[in-house]
Amino acid sequence: MSTTETVTAATESVDSFRDRARRWLRDTLPPAPPVRSGEQKSPQVWARARELQRILHDGGFAGICFPVDYGGLGLSPAHQRAFTEESRPYEMPLALNIPTLTICAATLLDMGSEEQKRTHIAAVLRGEELLVQFLSEPRGGSDLAGLTTRADRDGDEWVLNGSKIWSSGAYAADYALCLARTDWQVPKHAGLTMFLVPVNSPGLTIRRITQVDGSTEFCQEFFDDVRIPADAVVGEVDGGWAVATRLLHHERSAVGGGSPYASGVGQHSGRDVHSLLDIARRTGQFADPRVREDIGEAHAMNLVHDQLIAHVGARIAAGELAPAAGSMVRLFSARNSWLQADAAVRIAGAAAATGDPGGEPGLGRAGQDYLYRQAWSLAGGSTEMARNIISERVLGMPREYAADRDVPFDQVRRGR
């Protein structure tokens, strides 16, 4: 877009933007393909997502809420919501939403250097880069700050050693936000640094993990003397916990459906009422009052979810709620996913187990989504962690006891 077009877009009303987006989407993008559980993201899937993102960029609809200086449009969340609503029927680069756009690029926007923002956010919005996060560790559980992957300074470089796990889409990424320990003689939160690591770095090995639904999107990474330049630090050296905190805020918002940085929105077992309607019709139960009640409850929960996102988001933006309040959206999203996955299996009955999950949407997918149900308890931080955050940081309740609080990390007792 030219400078004049960018300025015009930045002052465009939501209604005008919606009308323009509706016409552009109709004339440019094909209909959305059916949702299939357990689908493997092949190189062709990732290439198509990059291509679609580039189409959005060239059409002037990429990075709606990202600043103009970094390749976005500089518009409001209301503009993004309008575009999201209009884009639902069309094929969109959904594979790039989590974690590339809504988590990693959003974190760089808040915490990255000017050079990192101009280089990487702009590349993401053009579909040229995929970003992932290297946070969790094999023996870390939910104690992210207790990580042991280390980064040691060697002249103008950092040297990384250790292992990360549960990294979505790492095998297809270009860069990763990686949290590592740079000081072992201070309490665990104080000795961490966030790095922007090229995923193809020598010494970095990625292995894919097979999940219960057959997908292999999660990965484990091994760092063996991986060297990265000094300017790969995001934020401050030993200030990585502040960056990680902001990243986790964006992750909770993304998983809860409240991020303003997504390119479209996908449907899954926790949001797709049309799938419930399809199951009811194909099993001859559409007139059953019990089934209709299930579908009605699912629809009502989605309406409540949307209103909760808008309400909490507006109050956080206005400074009336702490950013930690985003955990309320994340927690509700998980409960909504459970309810609707349960409803799908209840309506499908035995067909949830016997239907083909790779065929038409509905029957077999209901069973496979049910297997994946508990993932919504863990994605974006467990629901137990969300409850702790709400109680301590929103409601002001006392923090639970931690034996390693304020203890230098090299003095903390750890299992072998």
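The values are calculated or read from the model by the stated rules, or taken from the named source; none is laboratory data. Just so you know, these numbers come straight off a predicted model, no measurement behind them. Here the Cβ is made from the backbone with ideal geometry for all residues, glycine too, and neighbour counts use every protein chain on show. Remember, those area values only see protein heavy atoms, side chains included, never the ligands or the DNA or RNA. Shrake-Rupley method; radii C 1.70, N 1.55, O 1.52, S 1.80 Å.
Averaged per residue, what accessible surface does region 45-114 expose to a 1.4 Å probe, in Å²? Write out the running numbers ahead of the final one.
Values: 2310 Å² over 70 residues.
About 33 Å² of surface per residue is accessible.
When the accessible area of region 167-265 is computed with all protein chains present and a 1.4 Å probe, what percentage of it is carbon and sulfur?
On the way: 1780 of 3620 Å².
Within region 167-265, the accessible surface is 49 percent carbon and sulfur.
Considering only protein heavy atoms, what is the solvent-accessible area of V45 at a probe of 1.4 Å, reported in Å² to the nearest 10?
Number for this one is 50 Å².
Over all alpha-carbon pairs in region 271-395, figure out the percentage whose distance exceeds 16 Å.
Working: 5013 of 7750 pairs.
When every Cα pair of region 271-395 is considered, 65 percent fall beyond 16 Å.
Rolling a 1.4 angstrom probe over the protein chains, ignoring ligands and nucleic acids, what is the accessible area of D27 in square angstrom, nearest 10?
120
Kindly provide the helix-only [θ] at 222 nm of the chain, computed as the sum of -39,500 (n - 2.57) over DSSP H runs of four or more divided by all residues, to the nearest 500 deg cm²/dmol? Each step should come with its number before you reach the end.
Numbers: 14 runs with 163 residues, N = 416.
Counting only the DSSP helices, I get -12000 deg cm²/dmol.
Taking springs between alpha-carbon atoms closer than 10 angstrom, which of A366, A351, A244 fluctuates most in the Gaussian network model of the chain?
Most flexible of the set in this elastic network: A351.
May I ask you to derive the FRET efficiency for D110 and F286 from their Cβ-Cβ distance with R0 = 56 Å, giving the value to the nearest 0.05?
On the way: r = 47 Å, r/R0 = 0.84.
Calculated value: 0.75.
Plugging the Kirkwood radius over Cα pairs into Stokes-Einstein for the chain, at a temperature of 37 °C and a viscosity of 0.692 mPa s, what D comes out in µm²/s?
My calculation gives 146 µm²/s for D.
Hey, what's region 271-395 come to in accessible area per residue, 1.4 Å probe, Å²? Let's see the in-between values first.
Numbers: 6020 Å² over 125 residues.
Heavy-atom SASA per residue in region 271-395 reads 48 Å².
Within region 133-242, what percent of beta bridges assigned by DSSP are antiparallel, to the nearest 5? Please list the in-between numbers first.
Working: 30 of 33 bridges.
Restricted to region 133-242, the bridges split so that about 90 percent are antiparallel.
Restricting to Cα pairs below 8 Å that are 6+ residues apart, what does the relative contact order work out to for region 133-242? Please round to a whole percent. Write down the numbers at each step before the final one.
Working: 260 pairs, mean separation 33.5, N = 110.
Averaging sequence separation for qualifying contacts and normalising by length gives 30 percent for region 133-242.
Report for the chain the percent antiparallel among DSSP-assigned beta bridges with both residues inside it, nearest 5. Each step should come with its number before you reach the end.
On the way: 32 of 37 bridges.
The antiparallel fraction comes to roughly 85 percent.
Can you pull out the chymotrypsin sites (Phe, Trp or Tyr not before Pro) in region 371-416 that DSSP calls coil and that have at most 15 other Cβ atoms within 10 Å? Show your work: numbers first, answer last.
Values: sites: Y372, W376, Y401, F409; in loops: Y372, Y401.
Within region 371-416, the qualifying chymotrypsin sites (Phe, Trp or Tyr not before Pro) (loop, at most 15 other Cβ atoms within 10 Å) are Y401.
So for H250, H189, H299, what's the accessible-area order with a 1.4 Å probe, most first?
Working: H250 15, H189 75, H299 100 Å².
Accessible-area ranking of H250, H189, H299, largest first: H299, H189, H250.
What translational diffusion coefficient, to the nearest whole µm²/s, does region 131-240 have by Stokes-Einstein, given a Kirkwood radius computed over alpha-carbon pairs, a temperature of 10 °C and 1.306 mPa s viscosity? Working shown, then result.
Values: Rh = 13.9 Å.
The calculation lands on 114 µm²/s.
When the chain is modelled as a GNM with alpha-carbon springs shorter than 10 Å, which of E400, E86, E221 fluctuates the most?
E400
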